[in-house]
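Presented below is the structure to which this report refers.
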Amino acid sequence: MPTRTSIEQRLADAGRRLNPRRRRLIQSTLENPDETFFLSSRALARRYRVDPATIVRTIQALGYRRYADFLKDLRDHFVQRVTPYRIVESTVRERRSVGDHVRHSLERDLHNVHAVQSGLDPTRVVDLARRIHRSRSVLVVGVDLAASLSWFLAYGLAALGFDAEAPVGSAGNLEHRVRSLGGRDLLIAISFGRCLRLTVEAAMHARRRGVPVFGLTDSDTTPIARVCESYLLAPISASTFTGSYAAPMAVVNAILVACAQVKPRRALAVFRQSEKEYLSSPRWYDPAPPPEASGTGRGIRAE
């Protein structure tokens, strides 16, 4: 059996302090943590059709002094217990139509993006952009699904004229690249939830070498947040087994915008070099013109 999470331990220790109704309330909350850990006490009360005071008394019976502490443990519970099976199994139990599931997925993506819009401090993005400008090279580390984010960020930085790379391949290749970094370089680590071992170890290795390390993750308590000197947050909670990368992509785009706008003349000089290619390059699809009419073959016979 897996080790109990903090909130599971509190539930087990509560004993008779929780009557059956309140115990069912907590158990229902634990069964759907991805749907509840971002809700206020009033919103949670509306979800389970109880009085807000019931929510407060219930979490107090678990030993929490503040609702925010309860939400933190609820999120940690979600991170430790979430698996693709659990996510899909939870959505199947809801018995929605397929169309409802699609709409709900889009609503969750929008919620995550709105959370970034309201909670992200633009000055932290600008600070990262200035650090990127000062760096000799930028190594963006993200593995598994986060590799899509690291590749996108590295590609955008390279297009802006920075020496940026998102290593692919084996763990050995990643280790070699981290080993080549120095104090004038920058490592950006991207991972969420419990965080993948390769990404966390790459960040730890870089810090031991005196390399500045910046993170993109989804909570102040993740391993990436604890290892990195500074970080940006973007939620990924979703009803899909892959998680939602809508908010992290919005943050990546914000980073690229900041990098271009911190020194706009530099960005214009870089893009001026590729202006002609973008306007008339063979890389773009150009449909062949229709065949001219002729009197032979399958063409249209001239009259």
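Each reported figure results from applying straightforward, stated rules to the coordinates on display, with no laboratory input. Please read all numbers here as calculations on a predicted model, not as lab measurements. Don't worry about glycine lacking a Cβ; one is built from the backbone with ideal geometry, like all the others, and counts go over all protein chains shown.
With a cut-off of 8 Å between alpha carbons and a minimum separation of six or more residues, what is the relative contact order of the stretch 128-215 in percent? Don't skip to the answer; put the middle values down first.
On the way: 139 pairs, mean separation 28.5, N = 88.
The value is 32 percent.
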What percent do you get for the relative contact order of the stretch 6-81 when only Cα pairs under 8 Å and 6+ apart count?
44
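Expressed as a rounded percentage, what relative contact order does the chain have, with Cα pairs under 8 Å and six or more residues apart?
Details: 385 pairs, mean separation 48.6, N = 303.
Normalised by residue count, the contact order of the chain is 16 percent.
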Would you list the membrane-span-like helices of the chain, meaning whole DSSP H runs whose alpha-carbon atoms span at least 15 Å along their axis and whose mean Kyte-Doolittle value is at least 0.0?
147-159, 246-262
Using the basic label-point model (7 angstrom from Cα toward the beta carbon), what is the D286 to A14 distance in nanometres?
6.9
What range in the chain is the longest one free of chymotrypsin sites (Phe, Trp or Tyr not before Pro) that are in a loop by DSSP and have at most 14 other Cβ atoms within 10 angstrom?
1-240
Sort K72, K276, K263 by Cβ crowding within 10 Å, fewest neighbours at the top.
K276, K263, K72
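Where does the chain land at 222 nm, in deg cm²/dmol rounded to the nearest 500, when only DSSP H runs of n ≥ 4 count, each adding -39500 (n - 2.57), divided by all residues?
On the way: 16 runs with 174 residues, N = 303.
That calculation yields -17500 deg cm²/dmol at 222 nm.
Rounded if a/c is under 1.5, else prolate if a/b is larger than b/c, else oblate: which is the chain, with a ≥ b ≥ c the root eigenvalues of its Cα gyration tensor? The partial results should precede the final answer.
Working: a/c = 2.55, a/b = 1.53, b/c = 1.67.
It is oblate, given that a/c is not under 1.5 and a/b is not larger than b/c.
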Cα→Cβ-extended label distance, 7 Å offset, between D144 and Q80, nm
1.8
May I ask you to derive the FRET efficiency for K263 and S180 from their Cβ-Cβ distance with R0 = 35 Å, giving the value to the nearest 0.05?
0.85
